[in-house]
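Below is one structure, written out as structure tokens; comments come after it.
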Amino acid sequence: MDQRTFDGTSGWDPFTRDCPSRRLLDRIGDKWSVLVITSLEGGPLRFSELRAAVDGVSQKMLTQTLRALERDGLVSRTVHPEIPPRVEYALTATGRSLTGPLQVLTSWAVEHMGAVAEAQSRYDYAASLS
């Protein structure tokens with residue numbers, strides 16, 4: 001392993017270009033990932049239930065997001081042997097460990113949205129004058 005990306009004493013370094021932890025931060029910082037993980041916090045959901053819970057996500061984007069989260073070990077996919085087959089998505093233990101930090105981030109966004117919207121308006125107004 002490259003010494004720049006992992007050091008046995010300090011761990012992964014997302015500030016290093018090639019560190020895999022940077023890609024993980026990209027994944028968990030993605031808006032669809034945040035919304036899917038938060039939606040699954042209450043328990044397993046079927047694809048159609050997830051799509052309804054995450055307003056605005058396309059079928060293609062939800063599929064890509066679920067596959068990526070499954071690959072990263074944050075979401076599990078279970079196919080129940082029924083006719084027609086029933087597929088459910090659920091958080092893994094690692095995925096559940098992420099819900100606390102995401103709740104804090106989501107709460108922060110809701111709490112500060114008014115101040116952010118005001119700042120955006122001031123910025124856009126000033127930019128329109130120049």
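Readers should treat all values here as calculations from the given coordinates under stated rules, not as data from a laboratory. Since we're looking at a predicted model, the values are computed, not measured. Cβ placement follows ideal geometry from the backbone for every residue including glycine, while neighbour counts extend to all protein chains displayed.
Hey, of (i) 182; (ii) 97; (iii) 254, which did the structure itself give for volume of the Cα convex hull per residue in Å³ when calculated?
The listed entry that was calculated here is (i).
Order of 11-24, 31-44 by packing, highest average Cβ count within 10 Å first? Spell out each step's value before the answer.
Values: 11-24: 13.2, 31-44: 17.6.
By packing density, highest mean first, the sequence is 31-44, 11-24.
For GLN59 and MET113, what does the FRET efficiency come to when R0 = 25 Å and r is the distance between their Cβ atoms, rounded to the nearest 0.05? Could you put the intermediate results ahead of the total?
Working: r = 28 Å, r/R0 = 1.12.
The value I calculate is 0.35.
Per residue of the chain, what 222 nm ellipticity follows from adding -39500 (n - 2.57) for every DSSP H run with n ≥ 4, rounded to the nearest 500?
Numbers: 5 runs with 76 residues, N = 130.
Estimated from H runs of four or more residues: -19000 deg cm²/dmol.
By Kyte-Doolittle mean hydropathy of at least 1.6 and Cα axial length of at least 15 Å, which whole DSSP H helices of the chain are selected? Walk me through the intermediate numbers first.
Working: long enough: 59-71 (18 Å, -0.75); 93-129 (51 Å, 0.03).
Qualifying helices, which must be both long enough and hydrophobic enough, do not occur.
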